[in-house]
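These notes are about the structure you will find just below.
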Amino acid sequence: MASEELLERASAGRHQDVQRLLEERADVEWADRNGYTALSEAAMAGHTIVVGQLLRALADPNSQAVDGRSPLHRAAVHGWLPIARLLVEHGGDPELADDDGRTPTQLAAK
């Protein structure tokens with residue numbers, strides 16, 4: 001399945017594979033059983049190029065996994081400031097709360 005492969009390649013930072021899969025129309029919003037999308041995986045892993053590719057393909061920067069965390073939450077937890085900026089520039093909400101009531105802004109401050 002191209003959409004599942006997109007998530008796997010995004011997580012690994014394989015930007016050339018990601019580009020190919022986007023050209024093949026893989027679903028950028030496909031999520032695994034935990035609600036993780038390709039964008040959330042790339043944001044968590046610190047893959048700035050892939051995050052940019054997915055945002056240009058209109059991936060939702062505010063999609064939330066089953067724990068309520070968005071790609072911006074994941075970037076904030078890991079201290080990926082360039083990715084956090086990119087997500088905010090594309091509409092990521094720094095005040096969106098996860099299931100524990102924590103926002104990306106709060107997580108970044110820790």
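The values are calculated or read from the model by the stated rules, or taken from the named source; none is laboratory data. In this text the structure is predicted, and so the values were computed from the model without any measurement. When we count neighbours, we look across all protein chains shown, and the Cβ atoms used for this are built from the backbone with ideal geometry, even at glycine.
Hey, GLY52 hits all of (1) exposed (fewer than 15 other Cβ atoms within 10 Å of the Cβ); (2) within 19 Å of SER11 (Cβ to Cβ); (3) small (Gly, Ala, Ser) but one; which does it fall short on?
With respect to (1) exposed (fewer than 15 other Cβ atoms within 10 Å of the Cβ); (2) within 19 Å of SER11 (Cβ to Cβ); (3) small (Gly, Ala, Ser), GLY52 is out only on (1).
Within segment 1-90, considering only helices (runs of 4 or more DSSP H) that don't extend past its boundaries, which have at least 3 residues that are modelled with pLDDT of 95 or more, more than 16 Å from ALA108 (Cβ to Cβ) and in contact with a Leu (Cβ under 8 Å, 6 or more places away or on another chain)? First the steps, then the outcome.
On the way: elements: 2-12, 15-23, 38-45, 48-56, 71-78, 81-89.
Passing ranges, in order: 2-12, 15-23, 38-45, 48-56.
Looking at ASP93, is it under 26 Å from MET1 (Cα atoms) and either over 11 Å from the mean Cα position of the chain (by Cα) or at pLDDT below 95 (or both)? Quick ask: steps written out before the conclusion?
Numbers: under 26 Å from MET1 (Cα atoms): no; either over 11 Å from the mean Cα position of the chain (by Cα) or at pLDDT below 95 (or both): yes.
Answer is no for this residue.
Results for (1) under 18 Å from ASP60 (Cβ atoms); (2) of a type in the set (A, V, I, L, M); (3) crowded, with 20+ Cβ neighbours inside 10 Å, shown as yes or no for each residue.
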residue: LEU7; (1), (2), (3): yes, yes, yes
residue: ARG14; (1), (2), (3): no, no, no
residue: ASP17; (1), (2), (3): no, no, no
residue: GLY35; (1), (2), (3): yes, no, no
residue: LEU39; (1), (2), (3): yes, yes, yes
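State yes or no: is LEU22 in contact (Cβ under 8 Å) with a residue 40 or more places away in the chain, under 22 Å from MET1 (Cα atoms) and not β-branched (Val, Ile, Thr)? So that I can check it myself, show each step before the final result.
Details: in contact (Cβ under 8 Å) with a residue 40 or more places away in the chain: no; under 22 Å from MET1 (Cα atoms): yes; not β-branched (Val, Ile, Thr): yes.
Answer is no for this residue.
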